[in-house]
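Presented below is the structure to which this report refers.
Please treat every number below as a calculation from the coordinates, not as lab data. These numbers were taken from a predicted model, which means no experiment stands behind them.
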Amino acid sequence: MKASRRLKHSWLSVLSLNVQGAIRRNIGELESYLLQHKIDIAAIQEAQLPTSAKVEAQGYKTFQHPGGDVLFFVAAHLLPFTVMEQPADEDQLWIRLKGTAGSSDLFMCSAHMPQESASLESRKGGV
């Protein structure tokens, strides 16, 4: 049996969520939400994970920025079409969904933009 390399639908269910550092303690609740609402892609901001920490959700692959602040959960059925792009910025993570049947590629970004009211030093990771 050969797996299809085409998407079955032309729509995606996408979620963007600022978890304010609570990703690890609330991963069970988030995982349930993703599955219940059939979310295809979840863009997560302010994960605040240590560089070596990993977080997983059942039925999804995690694409995580090396800095740990932004990530994507991508549903398993989209993995043959998903590529993580090289991070262009410390606060951004890009993925590309390869187009099928003549469709263009779709690029998605999860970004954390520190508040302008914060000092320049704190926005750059200082005090």
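Near the amide H of residue 13, within less than 5 Å, lie the amide hydrogens of 40, 41, all on another chain or at least 5 residues away, with H placed in the peptide plane.
Across region 19-26, coupling constants 3J(HN,Hα) worked out from phi with the 6.51/-1.76/1.60 Karplus curve, θ = phi - 60°, read 8, 6, x, 9, 5, 6, 7, 10 Hz, and Gly and Pro carry x. The stretch between residue 22 and residue 53, if pulled fully straight at 0.36 nm per residue, gains 9.8 nm over its current Cα-Cα span.
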